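S.K.: Supplied in structure tokens, the structure appears directly below.
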Amino acid sequence: MRGRITQWVGGCLTVGLLAGVVWKVVPVEAEQSASQPPRKKVSPEPPATDPKTMKVAKGFRVELLYSVPKNEQGSWVCMCVDPKGRLIVSDQYGPLYRVTPPPIGQSEGTKVEKIPAPIGSAQGLLWAFDSLYVVVNSAKSGLYRVTSSKKNDTLDQVELLRTFEGGGGEHGPHAVVLHPDGQRLTVVCGNQTKLTRYDVTRVPPVWGEDHLLPRLPDGNGFMKGVLGPGGAIYHVSPDGKHWELFSVGFRNQYDVAYHKNGDLFTYDSDMEWDMNTPWYRPTRVCLITSGSEFGWRNGAGKYPPYYPDNLPAVLNVGPGSPTGVCFGYQAKFPRKYQEALFICDWSYGKLYAVHLKQQGSAYSGELEEFITGTPLPLTDVVINPSDGAMYFIIGGRRTKSGLYRVTYVGPEEQEGAAPVQDAAASAARQKRLALERYHTRVGAEAVEAAWKELNNPDRFIQFAARIALEHQDPQLWSERALMEADPVKATHALLALVRVSAPCPEHTPDKKVRGDPTLRERILAALARIDFGQLGETQRLDLIRLYHVLFNRFGPPTAEQRAAWLHKYRPLFPTGQRFVDGELLQVFVYLQDETVAPKAMKLLAEAPTQEEQLEYVRALRMLRAGWTPELRRQYFLWFVKAAHYKGGASFANFIKMIKADALETLTAAERQALAEIINANPMTVKLPDEAPRPFVKAWTVDDLAPLLEQGLKSGRNFERGRRIFATAKCFACHRFDNEGGSVGPDLTGVVGRFSPRDLLESILEPSKEISDQYQAVEILTKDERVVIGRIVNLNNDTVMVNTDMLNPAATVSVNRNNIESMKPSKLSMMPAGLLDTYQPEEILDLLAYMLSRGDRQHPMFRSR
């Protein structure tokens, strides 16, 4: 649900305007009748999704406790547990309800009563400090405290603690949870909620957009003009008077959960309209550390995970709509599931168990499909400590709601020794936490502590060190940064210096550059001492990012500085490193280098994926210098080819905007010379045909398995494997190494899950075993239509089904009331025969490429 709608209906409750006001009860129905049309009487509703149709982890049982009457009690979207073990839930557009579930062993007898307090439309609920805290997401969004005027069990008194600007929509304020210290609240706001006034901040308030070239807004205009830092996390005192900004940069994180050791996690949303572009970021599980930034910016401006000024996810999940999350603590489950982080995906109907493992100072995660159903629009999940059961609800967007209970009924787990803690990982985490204590103004002690870790290969420790530095007075460390000899320490210290010395122009009233030219000269001189050729790939990316931020905040270099930079980097470009070349190209274009066009066009011609091609085309759209008529012709001919590419809902308009910007760089004479190509109809233009690959053999596992043992040991061509991954259409559906589609599983970590033989079998026989996460459904309608695909969205009684994995925009709408039957499809949406035109050596290169990520470092680590 969250991350899938552009706008919700406004609120339906009367709310106070001033913090601290205690309100008189106003009937909910009164404002509903004024702001919304009355609900029509309809025929009896069908029950909520039957648990018998769900796939459930072995040993667990799901019960439907209550099928919510939509026309009377709405569609439930969030939930909490009160001290008596009762559930408190909220209708998305209406009031709160108190739910008393029946005892374990009984499925009947759920009691539901409306809470009299004049409040609702909540997306966050928490019982703490003898109060019910409510985050309202409506036209009058805010954080509220609900209590009993008579000090009994009747909640009837509402106090406004803080209003939020920008709420009421899909990306407004969301969850509220209790901080592990038991003294504070943690409040979650999506990226359409404007930053609220804070008293202190763990995040240095120097954020910006920091794009070197003009950003492309969303192709359909969604959130155009909204600047970073995006969704935010706050720590708040119980009376709502003291606010600490803790983390920023999220797209639309709906909920958060604390690990038992105090670490905070969320499940952040993707922008599905970005699919098949280089700026698409899948839904992902994030470790929220002190002062962290996760890089959401509007349109095509989202930061890639390798940018040093944002943090990566600990687990990429794929497309979806993140909703409620919780840990399994206090559940009467086997230990594995007590320790799991449970995350809800609304659109695909998946309740995942994420099994976290400490890795360095952070974590890695393994994803398990715990409960899946069709449809199963999950909105929230909690563990009830009173009975040790899990409860989840479905609903949202006026879809049918239901309350479910999950219990473990498998064999009793044998008591074993507690898992052994990784001593090195625990020490790394303590080092990170020690640095985070300096995320406030301290002084020289903080500078010394941070400086030691600026070249730490652990991504989260290195980030924490830079944030600690940015909190300190620059006079204590600026000269040290400018003279630092270690190239890695210098890069991150100078990045900190750039950020604290000049604001991002887009965040200033007049949009003007304010960086001091003298300081820019000294920073460029310091960077000139760094030997680019001796850096690893991640270090190169960090350094190039520093140039992006420097030129964005301090303006372009002088002619002499420009000439020196080009003299150094022209011989090094292209590097052969895909992401390094994409980032370097932006600097060449920014400097209007006269020699880069032929190099970049060669990269474009050889790029095997549309994501890589888009990276080059997007940068080149701003280049005016160094074009020849033939290079211009090749560039604009690419748009004819790209008209046949597939992507999310904004994809076609992104292409149009890139072309429009490129046209602005042409002279009148160039426009006239290129008119035929510029105005060409892609449907009628004859492009050079790619030579069809001849059929080799309908390969079987038995044919190729004998080659695996020796064939994968050494000497494989990874680059050819990557090209085959593209030509075999793997990139169209699967994400690998931060590029590709997301309608199929992310294959980046396949080496940790599959043996070479298993991987080969999954490619050659895709229907032999189909993951629940990506299984299609077969829908038979009452008018005898058959629709096969994956359910990707729900809206009231409309079910949206993607029918073509190669085209994320290919959807069919089905009215739920017109469905005769719905069952899992026995056939995979992945076609068979994909490798039948390849030779054995090519197939081995493909497998070697897919398995190569196991030999590289996790994205949270950085090579020295």
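The values are calculated or read from the model by the stated rules, or taken from the named source; none is laboratory data. Bear in mind the structure is a predicted one, so any value in this text is a computation, not a measurement. Positions of Cβ are backbone-derived with ideal geometry, glycine not excepted, and every protein chain shown enters the neighbour counts. Surface accessibility is based on the protein's heavy atoms, side chains included, excluding ligands, DNA and RNA. Shrake-Rupley method; radii C 1.70, N 1.55, O 1.52, S 1.80 Å.
S.K.: Is there any pair linking a residue in the range 359-388 that is in contact (Cβ under 8 Å) with a residue 24 or more places away in the chain to one that is of a type in the set (D, E, K, R) and open to solvent by less than 10 Å² (accessible area, probe 1.4 Å), with Cβ under 6 Å and at least six apart or on different chains, and which?
M.R.: Gly360/Asp458; Ser361/Arg432; Ser361/Asp458
S.K.: List pairs: first in the range 533-546 and among the polar types (S, T, N, Q), second crowded, with 22+ Cβ neighbours inside 10 Å and at pLDDT 95 or above, Cβ under 8 Å, 6+ apart or cross-chain?
M.R.: The qualifying pairs are Gln539/Val488; Gln539/Thr491.
S.K.: From Pro205, Pro180, which residue is under 27 Å from Tyr590 (Cβ atoms) and at pLDDT 95 or above?
M.R.: Pro205
S.K.: Here's a follow-up. Among the residues of the range 759-777, write down those that are at pLDDT 80 or above and surrounded by fewer than 18 Cβ atoms within 10 Å (Cβ to Cβ).
M.R.: Across the range 759-777, the qualifying residue is only Glu765.
S.K.: Working only within the range 582-608, note down all residues that are within 32 Å of the chain's Cα centre (by Cα), among the charged types (D, E, K, R) and closer than 26 Å to Thr558 by Cβ.
M.R.: Of everything in the range 582-608, just one residue is within 32 Å of the chain's Cα centre (by Cα), among the charged types (D, E, K, R) and closer than 26 Å to Thr558 by Cβ, namely Glu583.
S.K.: Within the range 210-263, track down each residue that is of a type in the set (Gly, Ala, Ser) and in contact (Cβ under 8 Å) with a residue 40 or more places away in the chain.
M.R.: Gly219, Gly225, Gly228, Gly230, Gly231, Ala232, Ser237, Gly240, Ser247, Gly249, Ala257, Gly262
S.K.: Further question: Is it fair to say Tyr645 is open to solvent by 10 Å² or more (accessible area, probe 1.4 Å), closer than 24 Å to Pro305 by Cβ and in contact with a helix residue (DSSP H, G or I) (Cβ under 7 Å, 6 or more places away or on another chain)?
M.R.: The answer is yes for Tyr645.
S.K.: For the range 349-373, give me each residue that is part of a loop (DSSP other than H, G, I, E, B), more than 30 Å from Ile779 (Cβ to Cβ) and either of a type in the set (A, V, I, L, M, F, W, C) or open to solvent by less than 10 Å² (accessible area, probe 1.4 Å) (or both).
M.R.: Result: Ser361, single match.
S.K.: Counting only residues that are part of a strand (DSSP E or B) and small (Gly, Ala, Ser), which one in the range 65-96 is most open to solvent (accessible area, probe 1.4 Å)?
M.R.: Ser67
S.K.: Search the range 585-602 for residues that are open to solvent by 30 Å² or more (accessible area, probe 1.4 Å) and pair each with any residue that is among the charged types (D, E, K, R) and assigned to a loop (DSSP other than H, G, I, E, B) when their beta-carbon atoms are under 8 Å apart and the residues are at least 6 apart or on different chains.
M.R.: Gln592/Arg624
S.K.: Here's a check for you: in the range 720-743, which residue that is of a type in the set (Phe, Trp, Tyr) and either modelled with pLDDT under 70 or not in a strand (DSSP E or B) (or both) is farthest from Pro304 (Cα to Cα)?
M.R.: Top of the filtered list is Phe725.
S.K.: Also, I was wondering about something else. Regarding Gly124, is this residue part of a loop (DSSP other than H, G, I, E, B) and over 18 Å from Pro375 (Cα atoms)?
M.R.: no
S.K.: While we're here: Might you check whether a residue that is farther than 26 Å from Phe718 by Cβ and in a loop (DSSP other than H, G, I, E, B) occurs anywhere in the range 566-586?
M.R.: Within the range 566-586 (the criterion being farther than 26 Å from Phe718 by Cβ and in a loop (DSSP other than H, G, I, E, B)), the answer is no, since none of the residues qualifies.
S.K.: Quick one: which helices (runs of 4 or more DSSP H) sit completely within the range 402-500 and have at least 2 residues that are open to solvent by 20 Å² or more (accessible area, probe 1.4 Å) and in contact (Cβ under 8 Å) with a residue 24 or more places away in the chain?
M.R.: Qualifying helices (runs of 4 or more DSSP H): 423-436, 478-483.
S.K.: Sticking with this structure for a sec: Which members of the range 213-241 meet the condition of being buried (at least 21 other Cβ atoms within 10 Å of the Cβ), in contact with a helix residue (DSSP H, G or I) (Cβ under 9 Å, 6 or more places away or on another chain) and closer than 22 Å to Asp309 by Cα?
M.R.: Leu216, Gly228
S.K.: Evaluate the following for Val325: is it hydrophobic (A, V, I, L, M, F, W, C) and either within 13 Å of the chain's Cα centre (by Cα) or surrounded by fewer than 24 Cβ atoms within 10 Å (Cβ to Cβ) (or both)?
M.R.: For Val325, the condition - hydrophobic (A, V, I, L, M, F, W, C) and either within 13 Å of the chain's Cα centre (by Cα) or surrounded by fewer than 24 Cβ atoms within 10 Å (Cβ to Cβ) (or both) - is not met.
S.K.: Separate question: Quick one: count up the residues across the range 699-719 that are among the β-branched types (Val, Ile, Thr) and either part of a loop (DSSP other than H, G, I, E, B) or more than 10 Å from Leu760 (Cβ to Cβ) (or both).
M.R.: Residues in the range 699-719 being among the β-branched types (Val, Ile, Thr) and either part of a loop (DSSP other than H, G, I, E, B) or more than 10 Å from Leu760 (Cβ to Cβ) (or both): 1 in total.
S.K.: Restricting to the range 571-596, what's the tally of residues that are in contact with a Lys or Arg (Cβ under 9 Å, 6 or more places away or on another chain) and within 20 Å of Thr628 (Cβ to Cβ)?
M.R.: 10
S.K.: Would you say Leu631 is open to solvent by less than 60 Å² (accessible area, probe 1.4 Å), part of a helix (DSSP H, G or I), modelled with pLDDT of 95 or more and touching a Phe, Trp or Tyr at 6+ places or on another chain (Cβ under 8 Å)?
M.R.: Spelling it out, it is not the case that Leu631 is open to solvent by less than 60 Å² (accessible area, probe 1.4 Å), part of a helix (DSSP H, G or I), modelled with pLDDT of 95 or more and touching a Phe, Trp or Tyr at 6+ places or on another chain (Cβ under 8 Å).
S.K.: Taking Pro557, is it surrounded by 20 or more Cβ atoms within 10 Å (Cβ to Cβ), assigned to a loop (DSSP other than H, G, I, E, B) and either in contact with a helix residue (DSSP H, G or I) (Cβ under 9 Å, 6 or more places away or on another chain) or among the acidic types (Asp, Glu) (or both)?
M.R.: It is true that Pro557 is surrounded by 20 or more Cβ atoms within 10 Å (Cβ to Cβ), assigned to a loop (DSSP other than H, G, I, E, B) and either in contact with a helix residue (DSSP H, G or I) (Cβ under 9 Å, 6 or more places away or on another chain) or among the acidic types (Asp, Glu) (or both).
S.K.: Take Val188 and tell me if it is in contact with a His (Cβ under 9 Å, 6 or more places away or on another chain), open to solvent by less than 10 Å² (accessible area, probe 1.4 Å), more than 20 Å from Ala300 (Cα to Cα) and in contact (Cβ under 8 Å) with a residue 24 or more places away in the chain.
M.R.: Yes, satisfied.
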